[in-house]
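Here is the structure we will look at, set down as structure tokens.
The values are calculated or read from the model by the stated rules, or taken from the named source; none is laboratory data. Computed from a predicted model, the values in this text were never measured in an experiment. Neighbour counts run over all protein chains shown; Cβ positions are idealised from the backbone, glycine included.
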């Protein structure tokens, strides 16, 4: 019964995203200048590896639900993981092949439905997501990146601290999302 409820919630979330026509999610990676020493780079990693790193960060917190393949669905060439009611982890590969074990991550998203009863968990999930993408980023740097991302969102810019990831923020009427964009050597 729980799986059915989770599947229904994920399907509803997918419909909301599709219905909102959110094209800005794809545009954010195009607006980022090519990685350089100023922005830093990270190693290429698969969806499976980064989700495992995210889960390691989550389990260190102790009070959060990890991303589970039992609650994974695929929609619009993205992998959605239901974390808890109203909060989802999305992994977007560079080139979708329906092979999350080998596809390289382009960016990851924490998708949050506004007003849900679990919104208080968002900061901890964001910290886990950012540090999964680069474990050298400190808690203070996480806070600064998130603040800057929100401030720069009105101009479509992202925040970056030179450690190979950029953070974007998008807000709609019924949801908001933080994007962790990975910068690779070309």
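Some notes on this structure:
- Any hit, the range 95-115, residues being out of contact with any helix residue (DSSP H, G or I) (no Cβ under 9 Å at 6 or more places or on another chain), closer than 16 Å to residue 48 by Cβ and in contact (Cβ under 8 Å) with a residue 12 or more places away in the chain: yes
- Residue count, the range 130-141 (criterion: under 22 Å from residue 86 (Cα atoms) and either without any contact (Cβ under 8 Å) to a residue 60 or more places away in the chain or not in a helix (DSSP H, G or I) (or both)): 1
- Among (1) more than 22 Å from residue 42 (Cα to Cα); (2) crowded, with 17+ Cβ neighbours inside 10 Å - the single one residue 154 does not satisfy: (2)
- Residue 140 fulfils the conditions (1) exposed (fewer than 13 other Cβ atoms within 10 Å of the Cβ); (2) at pLDDT below 95 except for a single criterion, (2).
- Within the option set 169, 176, being crowded, with 16+ Cβ neighbours inside 10 Å, closer than 18 Å to residue 112 by Cα and in contact (Cβ under 8 Å) with a residue 24 or more places away in the chain holds for one residue only, 176.
- Condition check for residue 145: in contact with a strand residue (DSSP E or B) (Cβ under 6 Å, 6 or more places away or on another chain), over 19 Å from residue 49 (Cβ atoms) and in a helix (DSSP H, G or I): yes
- Of the residues making up the range 114-129, just one is in contact with a strand residue (DSSP E or B) (Cβ under 9 Å, 6 or more places away or on another chain), part of a helix (DSSP H, G or I) and exposed (fewer than 15 other Cβ atoms within 10 Å of the Cβ), namely 119.
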